[in-house]
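Report on the following structure.
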Amino acid sequence: MNQNYEELMSKIEKAQAFQEALSLFEWDNQTLAPKMAMDNTAKTIGLLSNEFFSVMVNDRVKELIYLLSEEKEAENLTFNQKAIVKQLKKTFDQLEKIPPAEYQAYSELTAKASSIWAKAKEEKNFDAYKDTLGEIISYQKKFASYRQTGDQKLYDILLDDFEEGFTMEMLDQFFDKMKAAIIPLVKKISEKQDFIKRDFLNQSFSVEQQKKFSKEVAAYVGFDFDKGVIAESAHPFTLNLHNKDVRITTHYLEQNLESAIFSTIHECGHGIYEMNIADELTQTPVGGGTSMGVHESQSRFFENVIGRSEAFWVPLYEKLQAAFPGQLDAVSREDFVAAMNYSKPGLIRTEADELTYSLHVLIRYEIEKMIFADQVTVEELPALWNQKYQEYLGLTPSHDGEGVLQDIHWAGGSFGYFPSYALGSAIAAQIYDYMKSKIDVEDCLVKGNLKPIEAFLKEHIHQYGATKNTKELLLAMSGEAFNSDYYIAYLTDKYTKLYQL
Ligand code: ZN
């Protein structure tokens, strides 16, 4: 074993431990922590972040990383070890450029920001949040500028953090193609609004039964309850400490049966990815999913590609009917599945159907581009938001709670994150296309045997953690880099059939 590598890893283990502790606080803040805990807890989080920072960013670590990045030293490293060094070099280059005092102040700010955002959203009051948001944006601009090289654009730096190698130039092309395909489909469907019946969903569904059924579906799709838990939070999310402690949340709404079911399946997709990462990678810097886009491809694959398919419900629909006695008896499986794919423009991203979803993402992408090109001020955001919703979805929010305040992401400093949602859908469609050439996906679903599907995903995507980026994973899988044509074809085919366009 390489001595330098061993020394580096002993330091990184400590940094990982701080990171796990920070993750646990984050989980707690969003699930169980009492409202008033935040101010005091934020101090602790700030201190822990500072410790993480000093373990990670110091002269010796820098020396070791650069030494191990050199060709001669790298020769003695395994593929995984090389990937760890590469990942560390990237993180290090990012962190080293930020002065520790600024990093701590920023961590405290974002720790408080989520509760400030939540309150402002509840009160539909953007003014109560705008100064905090403004501060976060200035930090993000400053931090990105520290890493800027040549004539690199600030927003490209942020995009690269979430999806290595993806730039505004590529995303502009992707979103242009998407707009050209989706907007006409949405228009055609709007002329057939009564084609799919959904009235049967307008009833109360017992939350207790929803919890039971959601848990059953989670286990059915492959979520391992010996390595994971499900809790509740307003906005469902996945957080993992390592491959044997994967936590997801969901929410239950009495008047909305599909929300809990599909949020649960979605988060299971994220969770299963994390659970399947190889043991030798977990708790290392490459021990998580490789990018937000690939993560979303897994959650959306489970939620939309298979979860909303007719075949998926063949073994499950009677169980759903039995879970809500008398409530779905008159609804055929075909009608149920059609209703689950009903498409209509709305104001809320998280409630959007599969077809209009990416338009919500497009709006955030365009706004973020403007923020980082200094083309819009924080004060102007609500109006810009509303104007874009009118333009792309034909709707205007009646208040900021269902407008610019609806997402938590900016409160956490996540700019450049949103495009990953749309990229995820596109990557999922590309993986699905290739998967179908190797296994009979429909037959697996009809027979209620999801094992070959999970095994395929583990083989080509999950096991590698972050040792390969999106492009490398796709190339290794099918010999083709990212190609959004599969997504366009998938949506066009699905909705043309569904609405008989
Ligand atoms: Zn997700």
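The values are calculated or read from the model by the stated rules, or taken from the named source; none is laboratory data. Remember, predicted model here, so these are calculated numbers, not experimental data. When we count neighbours, we look across all protein chains shown, and the Cβ atoms used for this are built from the backbone with ideal geometry, even at glycine. Note: accessible area is taken over every heavy atom of the protein model, side chains too, but ligands, DNA and RNA are not part of it. Shrake-Rupley method; radii C 1.70, N 1.55, O 1.52, S 1.80 Å.
Here are the numbers:
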{"item": "Given charges at Cβ of Lys, Arg, Asp, Glu: the stretch 244-349 dipole, positive-most of Ile261, Gly293, Trp313", "result": "Gly293"}
{"item": "The chain, accessible area per residue, ligands and nucleic acids excluded (1.4 Å, Å²)", "result": "44"}
{"item": "Percent carbon-and-sulfur accessible area, the stretch 235-347, ignoring ligands, DNA and RNA, probe 1.4 Å", "result": "47"}
{"item": "Among Leu64, Gln148, Pro34 the positive-end extreme of the charge dipole of the stretch 27-170 (Cβ point charges)", "result": "Pro34"}
{"item": "The stretch 220-247 residues near the modelled Ala455 label - backbone nitrogen below 16 Å, point 7 Å along Cα→Cβ", "result": "222"}
{"item": "Aspartates and glutamates whose Cα lies under 13 Å from that of Lys344, excluding same-chain neighbours fewer than 8 positions away", "result": "Glu191, Asp194, Asp353, Glu354"}
{"item": "Partners for Lys89 among lysines (Cα-Cα distance below 20 Å; same-chain residues under 8 apart left out)", "result": "Lys11, Lys14, Lys62, Lys72, Lys97, Lys468, Lys471"}
{"item": "Phi to ³J(HN,Hα) by Karplus 6.51 cos²θ - 1.76 cosθ + 1.60 over the stretch 187-196, Hz, x for Gly, Pro", "result": "5, 4, 5, 5, 7, 10, 4, 8, 4, 10"}
{"item": "Per-pair calculated FRET efficiency, R0 = 60 Å: Asp194 and Glu13 via Cβ, rounded to 0.05", "result": "0.50"}
{"item": "Surface share of carbon and sulfur [accessible, 1.4 angstrom probe, percent] for the stretch 61-146", "result": "49"}
{"item": "Set of the stretch 312-332 residues, backbone N closer than 14 Å to the point 7 Å along the Cα-Cβ line of Lys212", "result": "319-327"}
{"item": "Accessible-area value, Lys142, 1.4 Å probe, nucleic acids and ligands omitted, Å²", "result": "80"}
{"item": "The stretch 85-121: trypsin sites (Lys or Arg not before Pro) falling in loop per DSSP and having at most 14 other Cβ within 10 Å", "result": "Lys97"}
{"item": "Probe 1.4 Å, all protein chains present, accessible-area order of Glu472, Glu354, Glu402, largest first", "result": "Glu472, Glu402, Glu354"}
{"item": "11 Å beta-carbon shell around Gly424, net charge (K/R +1, D/E -1)", "result": "-2"}
{"item": "Calculated FRET efficiency for the pair Lys97/Ser138, C-beta based, R₀ 25 Å, to 0.05", "result": "0.95"}
{"item": "Peptide ranges 70-77, 280-287, 478-485 listed from the most packed, as the mean C-beta count within 10 angstrom indicates", "result": "280-287, 478-485, 70-77"}
{"item": "In sequence order, calculated HN-Hα J values of the stretch 10-27 (Karplus, 6.51, -1.76, 1.60; Hz; x Gly/Pro)", "result": "5, 6, 5, 4, 5, 4, 4, 4, 4, 5, 5, 4, 5, 5, 5, 4, 5, 4"}
{"item": "Sulfur and carbon atoms: percent of accessible area, the stretch 368-407 [1.4 Å]", "result": "46"}
{"item": "Karplus-derived 3J(HN,Hα), 6.51/-1.76/1.60, for each residue of the stretch 452-466, Hz, glycine and proline x", "result": "x, 5, 5, 4, 4, 5, 5, 4, 9, 10, 4, 4, 6, x, 9"}
